[in-house]
Amino acid sequence: MKKVLCSILLASSGVMAEIKPTDDNNKSDIRYSLNSSGSHYVKFTFTNQAWFRFNENNPGTTVLSDPASNTFDIGLRRTRMQLFGQITDRVFFYTQFGLNNFNKTNGFPGYNTAGTPSNRKVAAFFHDALGEYEIQRKGNSFIRFGGGLTVVNGLSRFSQPSIGTIMTMDVPIFAQATVDQTDQFARKLAIYSRGQVGKFNYRIAVADPFPIETNGAVPPVLGGNAVFAQKKHKKQLDGLLIYNIFDTEDNTTPGYMTGTYLGKRKVWNVEAGFIAQKNATWRREGADTLYSNMNLWSVASYLDMPLDTEKGTAVSGYLGFFHMDYGKGYLRYNGSMNPATGTTLPIAGASGTHGNAYPMFGTGNVTYAQAGYKFKDGLLGSQGTLMPFASVQRSDYERLKDPMNLYNVGVNWIIKGNNAKLTLNYENRPVYKNGVVANELVKDGRKGAWILQYQVSI
């Protein structure tokens with residue numbers, strides 16, 4: 001079947017593709033070799049994540065103007081195609097095309113900010129498009145420079161995740177700090193350098209942020225709380241430094257960092273990262289407009305290693321602390337692939353509070369942890385094995401009287417590595433309302449969501 005697919009993909013060039021195995025995640029490559037050794041190549045991949053979800057909606061939620069205390073929806077969380085390759089010993093290119101968060105409310109409310117009808121058929125776009133040049137290599141050490149539209153990022157490994165290898169149901173999205181505000185789904189127009197020097201892996205980038213006015217939504221109103229500024233745009237500086245205690249990680253694609261190796265590598269890292277931008281946000285204080293610098297940094301540790309190589313058991317874990325300073329009072333609600341469209345109970349100083357949304361981003365401190373255990377290979381016979389997991393996020397944001405505690409627990413049915421798996425997850429999130437103190441939100445109960453994800457990947 002794979003050979004047939006390869007033939008179709010490359011029929012226009014009149015050549016046949018080779019299928020070569022890789023070491024990570026039990027994957028097979030669809031690639032065309034450009035030289036006899038296969039060191040120069042072009043490779044194609046495809047990943048689709050379908051969600052089937054039952055959600056307890058936030059108070060006041062409406063779906064297409066109808067009240068809805070809960071919803072069941074079907075959607076495509078991510079659908080991606082990658083085409084990349086090593087053209088010469090030093091020249092590498094990478095592109096990714098796809099869509100995200102595609103369900104029945106995609107494109108609602110039916111008209112964009114220009115007043116023209118929305119179109120559910122135009123959600124796909126280029127996530128990445130870049131070129132890279134390797135200036136030095138010695139053993140496993142290398143230094144590369146590149147530029148274009150890229151996910152190469154600072155702050156943390158979850159600011160640039162490999163979506164096909166996520167261990168939990170989803171990544172901690174707060175770590176993609178400016179997602180769809182001044183970037184394109186966490187990608188930025190940037191020049192960068194990345195490399196492996198001994199035990200150290202680094203990436204540093206200078207990005208040119210997108211104006212907030214171009215993200216497809218009405219820009220937030222200038223008021224007493226910091227929001228992304230519409231004037232005095234400055235470049236953004238990103239950096240991440242990782243120390244590899246055991247094995248080094250795969251560095252083929254720019255930026256993207258593996259969620260779990262499923263016991264195929266022995267990895268233990270410590271990391272520190274940052275994102276900094278001058279005059280990133282603004283707010284109104286009396287008659288004055290005040291600008292604030294965005295300063296975000298984190299320290300974390302990541303562990304992913306086999307316990308018994310013969311049985312295939314493995315563990316995976318992550319613990320990180322994040323300092324998030326967007327400016328005074330910054331708070332942003334967000335809900336992944338939100339199944340709702342509005343609310344009858346708006347919260348002052350916050351927007352998009354309907355459906356499954358919660359205060360995902362804000363000025364303050366965040367602690368995030370996740371852990372998982374992979375059972376032995378063949379636990380389910382020819383149908384694979386299981387990997388249960390859990391995660392917790394504690395966000396102590398300025399405007400929240402009560403910290404935002406988010407819990408997820410679930411299990412992966414690993415049918416064939418990360419090429420085919422089913423994930424069942426339960427998420428429990430807090431609900432907030434306006435407090436007695438002005439500009440303060442207080443907790444008002446909790447809501448939950450059950451999600452079944454089916455991932456296929458080649």
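Observations on the structure shown:
- Counted residues, the range 170-223 - those being out of contact with any Lys or Arg (no Cβ under 7 Å at 6 or more places or on another chain), aromatic (Phe, Trp, Tyr), crowded, with 21+ Cβ neighbours inside 10 Å and more than 28 Å from Asn338 (Cα to Cα): 0
- Restricting the range 298-339 to residues that are in contact with a Leu (Cβ under 9 Å, 6 or more places away or on another chain) and among the polar types (S, T, N, Q), the residue that is surrounded by the fewest Cβ atoms within 10 Å (Cβ to Cβ) is Ser301.
- Test result for Gly349, part of a loop (DSSP other than H, G, I, E, B) and out of contact with any Lys or Arg (no Cβ under 7 Å at 6 or more places or on another chain): yes
- No other residue among Asp89, Asp73 is in a strand (DSSP E or B), over 19 Å from His127 (Cβ atoms) and among the acidic types (Asp, Glu) apart from Asp73.
- The listed residue being closer than 30 Å to Val63 by Cβ, modelled with pLDDT of 95 or more and of a type in the set (A, V, I, L, M, F, W, C), out of Phe361, Phe375: Phe361
- Test for Lys328: is it closer than 30 Å to Tyr291 by Cα, modelled with pLDDT of 95 or more, charged (D, E, K, R) and in contact with a Ser or Thr (Cβ under 9 Å, 6 or more places away or on another chain): yes
- The set of residues in the range 224-242 that are surrounded by fewer than 19 Cβ atoms within 10 Å (Cβ to Cβ) and in contact with a Pro (Cβ under 7 Å, 6 or more places away or on another chain) comprises Gln230, His233.
- Some residue of the range 348-356 being of a type in the set (A, V, I, L, M, F, W, C) and modelled with pLDDT under 95: yes
- Taking the criterion of being of a type in the set (S, T, N, Q) and within 27 Å of Met387 (Cα to Cα), the residues of the range 308-337 that qualify are Thr309, Thr313, Ser316, Ser336.
- Subset of the range 54-74 [of a type outside the set (Val, Ile, Thr) and closer than 17 Å to Leu424 by Cβ]: Phe54, Asn55, Glu56, Phe72, Asp73
Listed here are the residues, each with its yes/no results for (1) touching a helix residue (DSSP H, G or I) at 6+ places or on another chain (Cβ under 6 Å); (2) at pLDDT 90 or above.
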| position | (1), (2) |
| --- | --- |
| Gly110 | no, no |
| Gln160 | no, yes |
| Pro172 | yes, yes |
| Thr178 | no, yes |
| Ala186 | no, yes |
| Lys199 | no, yes |
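- Residues in the range 426-445 that are under 30 Å from Met169 (Cα atoms) and of a type outside the set (Asp, Glu): 11 in all.
- Each residue in the range 416-457 was checked for being out of contact with any strand residue (DSSP E or B) (no Cβ under 6 Å at 6 or more places or on another chain) and free of Cβ contacts under 8 Å to residues at least 40 places away in the same chain, and 3 pass.
- Of all residues in the range 374-407 being assigned to a strand (DSSP E or B) and of a type in the set (A, V, I, L, M, F, W, C), the one that is surrounded by the most Cβ atoms within 10 Å (Cβ to Cβ): Met387
- Between Leu76, Leu9, Leu83, the distinction of being modelled with pLDDT of 90 or more and surrounded by fewer than 17 Cβ atoms within 10 Å (Cβ to Cβ) belongs to Leu83 only.
- Unmet criterion (only one of (1) surrounded by fewer than 18 Cβ atoms within 10 Å (Cβ to Cβ); (2) in contact (Cβ under 8 Å) with a residue 60 or more places away in the chain; (3) closer than 30 Å to Arg399 by Cβ; (4) within 20 Å of the chain's Cα centre (by Cα)) for Asn251: (3)
- Qualifying residue in the range 151-164 (condition: in contact (Cβ under 8 Å) with a residue 40 or more places away in the chain, closer than 20 Å to Gln86 by Cβ, in contact with a Pro (Cβ under 6 Å, 6 or more places away or on another chain) and not small (Gly, Ala, Ser)): yes
- Taken together, Gly263, Gly273, Gly329 contain a single residue that is closer than 26 Å to Ser351 by Cβ, among the small types (Gly, Ala, Ser) and either in a loop (DSSP other than H, G, I, E, B) or out of contact with any Lys or Arg (no Cβ under 8 Å at 6 or more places or on another chain) (or both), which is Gly329.
The values are calculated or read from the model by the stated rules, or taken from the named source; none is laboratory data. This structure is a prediction, so every number in the text was calculated from the model and none was measured. Counting neighbours? That spans all protein chains shown, and the Cβs are built from the backbone with ideal geometry, glycine included.
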